[in-house]
Amino acid sequence: MNAEDRSIRPEGPIDAYLDELLASIRDGEPSAVRRLLAETEAHLHESARRLHAQGLEPEEAEREAVRRFGPVATVTPALRPPLTALGKMPLRAFVRPAVGLAAVGAIAVGLSGALSEWFGRIWGAGFVAGDLPGMAYTAARCAVLQAPYPGLDCSRAAAEHHWGEVVEYRVALGVLGLLVLLISRFLPREAPLPAGFVPALAAAAFLLAAAATGLQTVNAAVQGGQGMGAWLSAVVVSFPLAVVFAVVAIRHSAGRVRYAPAA
């Protein structure tokens, strides 16, 4: 096809796919980007030619070739460096991912605060923030805790007070996390990290949080259930996130192996 034909030919599914691929890998190493684009284009056109020879219309053949090749998200990990290159990467390459992970963690805390509010409304403040057996307050402290809650005894007033703190502080941190996540979008992109590294790190962090808060939940449950809701809300949020990030990490790593460009 000559240059004039290309200028009047409408953009097909392969062209659209290559455009999307290029837009998603602008922060990659230029030579690796060129190789990946060239190899992808050659593979897609060869696949489309075979499908056309089998009887499909040209545009339908291109669309099927793209479908078989896989979404862009499974191709871009090919440009990521291997894990062995981590020690050679500049510290600035970790800034944007670290800020993003911190923001996601803060948002998760905010979600656990919203869940704690729901738990308290269903099962009471004591379930979320009640004191474990053996906790005692001085008369002066009881007076301070009971002041906003006339008619409640000291332990119930303390539970109401602490429930409010759990919800308010966590939700406030979640809002801060949303702002930090928005700011992180404007941080400069440096050298890309190894495929799957960031989601794997997030999965490990959330799994550790789920394990730690899970132990606290069991401890509170064994001692009567008071205060277990605050810990349980953290488990309910952190464990599913650990699973999600683990799946993303595995998919990204698998994508890198499958589509690694030729050296």
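Could you list, in sequence order, all residues of the stretch 38-86 that are at pLDDT 80 or above and small (G, A, S)?
A38, A42, S47, A48, A53, G55, A61, A65
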Q) Has the stretch 8-23 got any residue that is under 30 Å from the mean Cα position of the chain (by Cα), farther than 20 Å from A65 by Cβ, surrounded by 15 or more Cβ atoms within 10 Å (Cβ to Cβ) and at pLDDT 65 or above? A) no
(Q) Being among the aliphatic types (A, V, I, L, M) and farther than 13 Å from W163 by Cβ is the filter here; which residues of the stretch 221-237 pass it? (A) A221, V222, L232, A234, V235, V236, V237
Q. How many residues are on the phi > 0 side of the Ramachandran plot and open to solvent by less than 40 Å² (accessible area, probe 1.4 Å) when one looks only at the stretch 193-225?
A. 2
Q: Run down L182, L111 and say which single residue is open to solvent by 30 Å² or more (accessible area, probe 1.4 Å), free of Cβ contacts under 8 Å to residues at least 60 places away in the same chain and in a helix (DSSP H, G or I).
A: L182
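The values are calculated or read from the model by the stated rules, or taken from the named source; none is laboratory data. Bear in mind that the values here come from a model prediction, so they are computed numbers and not experimental data. Don't worry about glycine lacking a Cβ; one is built from the backbone with ideal geometry, like all the others, and counts go over all protein chains shown. We work out accessible area using only protein heavy atoms, side chains counted, and drop any ligands, DNA or RNA first. Shrake-Rupley method; radii C 1.70, N 1.55, O 1.52, S 1.80 Å.
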